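The values are calculated or read from the model by the stated rules, or taken from the named source; none is laboratory data. Everything numeric here is computed off the predicted structure, so don't read it as measured data. Don't worry about glycine lacking a Cβ; one is built from the backbone with ideal geometry, like all the others, and counts go over all protein chains shown. For accessibility, only protein heavy atoms count, side chains too; no ligands or nucleic acids. Shrake-Rupley method; radii C 1.70, N 1.55, O 1.52, S 1.80 Å.
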Amino acid sequence: MKHLKFILVLLLMTNLLSCKNENTNPESVAFDSYIPPVSWEEADAKAEALLAGMTVEEKIDYIGGHNYFFVKGNEEYNIPRLYLSDATQGVHIRKNLDGQLEKSTAFPCPISLTSTWNTELARKYATSIGEECRAGDIAVLLGPGMNLYRVSQNGRNFEYFGEDPYLAARMVENYVVGVQSTGTIATLKHFICNNTDFRRRTSNSVVGERALNELYLPAFKAGVDAGALAVMTAYNQVNGEWAGQSEYVINNILRKQLGFKWLVMTDWWSIWDPVKTIKSGQDLDMPGHGFEENLPTFANQPNPFLRYNAKRLVDEGKVKEEDIHRMAKSVLRVSFAMGLDKRPVKDTTLLAKFPEHKEIALQTAREGIVLLRNENNILPIDKSKSPKILLTGMFAEKVPMGGGSAEVEGYDNITMLQALQDEFGDLLSYEKEPDDNQITSADIVIVSIGTSDSEGYDSPFELPKEVDDMILNVASKNSNVIVVVNSGRGVGMTKWNNMISGLIYSWYPGQTGNVALAEILSGKTNPSAKLPISIEKKFEDSPGYPYMPEGEDFYTGWDTDFDMSLPIYDIIYDEGVFTGYRWFEKKEIEPLYPFGFGLSYTIFDYNKMKISASKIASGDLVTVECEITNSGKKAGAEIVQLYVSDQEASVPRPVKELKGFKKVTLNPGESKSVSFVLDKSAFSFWDEESKNWKLEPGNFLIHLATSSVNIKETLELEIQ
Ligand code: BGC
């Protein structure tokens with residue numbers, strides 16, 4: 001009997017272990033996904049029992065939004081009302097709605113968070129946002145947004161997690177667990193291939209299956225596996241159908257292939273054919289009303305909203321009551337799974353945590369601001385030499401932020417001018433438009449530039465001519481120029497990059513991020529961030545170029561975004577699996593700043609790289625180790641990147657791909673060992689024939705690198 005028990009336990013363990021080996025995320029051998037307080041089955045049964053007693057009209061009330069950001073509740077049935085609110089970088093306060101939070105923390109934008117490569121910080125950042133949701137009665141956070149960085153011109157890049165699917169996936173899974181650990185539902189968005197905001201409602205992303213699986217799906221898959229309870233579909237068409245009403249996108253890819261079993265909602269005003277929508281696997285039409293005059297109509301109906309059309313469609317036999325039942329059940333199930341019928345969403349005790357959130361925002365900026373250029377060690381600025389520092393430029397007096405639904409105003413915002421004055425006191429002077437004398441007599445000139453990116457439209461990669469001219473002018477008169485860029489994406493810097501001494505990518509820093517910038521300038525904080533994107537020398541070099549329809553130009557504002565009379569244009573993803581550094585490396589195009597790059601005030605050495613075996617059987621795990629030493633004079637953190645190169649394959653594969661990273665903090669002279677466990681996902685590609693991941697035996701190279709272009713150590717591995 002005892003033996004039997006032992007064998008059973010052993011069997012169970014082997015089973016568990018083999019399940020873990022199946023996991024597509026090697027680091028997730030120890031990753032704990034979010035498990036809702038009430039199981040899917042229990043929540044489902046509860047929803048079913050309630051719906052069984054409802055009329056079709058009552059059910060229809062749940063499949064569309066109310067008052068723009070709500071899903072209706074019902075006191076009689078104890079069904080909670082849901083308030084859904086944006087988004088990924090903090091709570092967007094809707095001033096026109098009652099009972100809003102008085103303030104919310106403006107965190108550095110998600111692309112800045114990604115530059116930290118710090119998964120634990122991603123979790124804390126998201127936990128803070130989840131807590132602010134709870135304090136503000138928000139049941140569903142409309143984030144994280146996670147569309148891959150394909151074109152630098154995308155107005156929403158600031159909201160997302162960069163160009164690499166592996167890095168994005170690791171950040172996103174932690175984000176999801178962070179938000180949901182607070183009892184707030186996370187929404188993965190925008191599913192899928194909404195990689196530009198240029199006419200997003202009237203664009204069609206034409207994408208192949210391999211690129212979808214290797215690049216655009218992994219972050220969503222990671223979010224699904226981490227336990228996200230909601231997904232928002234995208235505005236654009238995917239391979240010929242609007243994502244929000246596409247059976248291929250929702251039922252086939254999201255539900256069947258990725259295994260997502262919870263709530264799917266539309267993006268705001270993004271479905272046009274109610275029959276298709278109801279049959280696609282979509283659950284919830286948001287916001288479900290409004291702007292009727294802007295919307296295209298199908299089959300002589302005055303609007304495409306589900307709540308408006310569903311009953312007629314049931315009566316006409318075009319959809320079945322069971323379709324409506326399925327959708328309403330999905331909406332109710334998610335509330336019950338989160339236990340929202342058993343406790344209030346609103347928890348004002350969490351307001352006490354705002355100071356902690358502010359600190360996390362500051363820490364994110366400290367670790368997210370990237371030092372890209374430091375000629376003659378102009379940085380850190382040595383205060384003991386009493387240099388005369390001149391500050392000028394665009395965002396000295398105004399905290400820059402991304403616009404649209406993701407916008408977060410923040411509170412106690414600290415401008416660059418304020419932060420630099422606090423750090424450098426009288427050494428700093430500020431001039432909006434300095435004259436030649438002020439420029440030449442300064443020891444150091446700090447020039448603030450950037451872009452105001454927003455949802456709804458894209459912006460040119462090149463900066464406006466006046467901005468370039470301003471930098472060229474200052475740099476021609478002073479050889480100690482430091483440029484600080486506030487933007488949510490890569491911008492054109494080639495014209496003046498070689499003429500300046502320092503370059504800092506500060507993204508959208510959030511309410512306190514300028515304090516971190518000042519600390520980096522003075523050396524109080526040693527920069528450790530690395531770019532989660534490649535910044536091209538010119539836009540023509542980039543993988544997505546060209547994508548805008550010929551003859552059309554950039555626009556701003558919301559009118560074009562909502563103009564459904566415009567012809568659909570195709571965005572052909574013909575670069576396939578080669579986007580970001582995969583593109584630059586394959587095409588042998590040198591970017592201005594490569595993926596994974598960022599400088600520190602100290603030096604890191606890589607030594608004693610070893611691998612657990614030089615030959616393994618297909619499917620075996622392999623461990624890679626290395627010792628990292630801080631051989632400089634300052635404490636600092638290094639982000640060790642592991643890339644894999646397939647030496648020979650039956651399909652074209654990227655030169656190398658990121659398959660692991662570790663952030664290690666070291667005092668001067670200190671060494672630490674880092675180790676990575678690689679499973680078969682590190683070596684596999686998506687096979688279009690078998691519609692699955694495929695590992696082809698052969699030789700692989702494993703690189704440990706300080707950036708995508710600076711490999712420190714390489715070892716060979718043979719997979720049999
Ligand atoms: C955006 C979504 C957002 C929604 C609600 C849309 O315009 O694309 O990301 O969640 O508005 O504000």
Q: List every DSSP H helix in the chain whose Cα atoms extend 27 Å or more along the helix's own long axis and whose mean Kyte-Doolittle hydropathy is at least -1.0.
A: 2-22
Q) So which lysines pass the test for K358, namely a Cα distance under 17 Å, with those fewer than 8 places away in the same chain ruled out? A) K103, K124
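With a cut-off of 8 Å between alpha carbons and a minimum separation of six or more residues, what is the relative contact order of the stretch 58-349 in percent? Write down the numbers at each step before the final one.
On the way: 611 pairs, mean separation 58.2, N = 292.
Over the stretch 58-349, the number comes to 20 percent.
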**Q.** In the stretch 69-150, GluC sites (Glu not before Pro) in a DSSP loop with at most 10 other beta-carbon atoms within 10 Å
**A.** E75, E76, E102
Q: Compare E407, E657 by solvent-accessible area with a 1.4 Å probe and give them largest first, with all protein chains kept in place.
A: E407, E657
Q. For the stretch 486-531, what does the alpha-carbon gyration tensor say about shape, rounded, prolate or oblate, given a ≥ b ≥ c as the root eigenvalues, a/c under 1.5 as rounded, and a/b over b/c as prolate?
A. oblate
Q: Provide the solvent-accessible area of F107, counting protein heavy atoms only and rolling a 1.4 Å probe, rounded to the nearest 10 Å².
A: 0 Å²
Q: Count neighbours as other Cβ atoms within 10 Å of each site's Cβ, and list the chymotrypsin sites (Phe, Trp or Tyr not before Pro) in the stretch 250-321 that are DSSP loop with at most 15 such neighbours.
A: F291, F298
(Q) Taking each pair of distinct Cα atoms in the stretch 604-719 once, what is the resulting Kirkwood hydrodynamic radius in Å? (A) 15.0 Å
Q. Of K261/K691; K279/K691; K524/K672; K615/K672; K279/K318, which sit over 19 Å apart, Cα to Cα?
A. K261/K691; K279/K691; K524/K672; K615/K672
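About the Cα centre of the chain, how large is the charge dipole given +1 on each Lys and Arg Cβ and -1 on each Asp and Glu Cβ? Please answer in debye to the nearest 20.
Values: 73 positive and 99 negative charges, 388 e Å.
It works out to roughly 1860 debye.
Report, in debye and to the nearest 20, how large the dipole of the stretch 270-367 comes out about its Cα centre when Lys and Arg carry +1 and Asp and Glu carry -1 on their Cβ.
On the way: 16 positive and 15 negative charges, 62 e Å.
Magnitude of the dipole: close to 300 debye.
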Q | Surface accessible to a 1.4 Å probe, per residue, for the residues of the chain, Å² | A | 38 Å²
Q | Dipole of the chain, positive end: most advanced residue of I628, I129, I504 [Cβ charges, Cα centre] | A | I628
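Leaving out ligands, DNA and RNA, and with a 1.4 Å probe, what % of the accessible surface on the chain is carbon or sulfur?
Numbers: 13660 of 27020 Å².
On the chain, the fraction of accessible area on carbon and sulfur atoms equals 51 percent.
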Q. By a straight-distance test (C-alpha under 20 Å), which lysines pair with K537 as possible cross-link partners, with residues fewer than eight away in the same chain excluded?
A. K465, K495, K586, K587
Q) Antiparallel DSSP bridges in the chain: what percent, to the nearest 5? A) 55 percent
Q.
For the stretch 58-349, take every pair of Cα atoms, bin their distances at 10 Å starting from 0, and report each bin as a whole percent.
A. 7, 30, 37, 22, 4, 0
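In terms of the Cα gyration tensor, with a ≥ b ≥ c the square roots of its eigenvalues, is the stretch 305-401 rounded because a/c is under 1.5, prolate because a/b exceeds b/c, or oblate?
On the way: a/c = 4.27, a/b = 2.56, b/c = 1.67.
Verdict is prolate for the stretch 305-401.
What is the dipole size for the stretch 58-349, taken about its Cα centre, with +1 at each Lys and Arg Cβ and -1 at each Asp and Glu Cβ, in debye to the nearest 20? All intermediate terms of the calculation are to be shown ahead of the outcome.
Numbers: 34 positive and 34 negative charges, 51 e Å.
The calculated dipole for the stretch 58-349 is roughly 240 debye.
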Q: Could you bin all the Cα-Cα distances of the chain into 10 Å bins starting at 0 and give me the percent of pairs in each, rounded to whole numbers?
A: 3, 15, 24, 26, 19, 10, 3, 1, 0, 0
**Q.** Proximal aspartates and glutamates relative to K634, as straight alpha-carbon distance under 20 Å, when same-chain residues fewer than 8 apart are discounted
**A.** E367, E375, D382, E423, E519, D605, E670
Q) Roughly how much of V334 is accessible, in Å² to the nearest 10, using a 1.4 Å probe? A) 0 Å²
Q.
Along the charge dipole of the chain, pointing to its positive end and built from +1/-1 on Cβ of Lys, Arg, Asp and Glu, which listed residue (L658, I616, I414) has its Cα farthest out?
A. I616
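Going highest first, how would you order 209-220, 555-566 by mean Cβ packing within 10 Å? Write down the numbers at each step before the final one.
On the way: 209-220: 22.8, 555-566: 13.9.
Sorting 209-220, 555-566 by mean packing, highest first, produces 209-220, 555-566.
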Q: Please work out the FRET efficiency for the pair A49 and F298, using the Cβ-Cβ distance as r and a Förster radius of 51 Å; give the result to the nearest 0.05.
A: 0.90
Q. Sorted by accessible area (1.4 Å probe), largest first, how do H357, H289 line up?
A. H289, H357
Q | Among V370, S600, F578 the positive-end extreme of the charge dipole of the chain (Cβ point charges) | A | S600
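How would you rank 501-513, 569-581, highest first, on the average number of other Cβ atoms within 10 Å across their residues?
Details: 501-513: 27.5, 569-581: 20.6.
Going by the mean number of other Cβ atoms within 10 Å, highest first, we get 501-513, 569-581.
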Q.
At 1.4 Å probe size, put K656, K538, K353 in order of accessible surface, largest to smallest.
A. K538, K353, K656
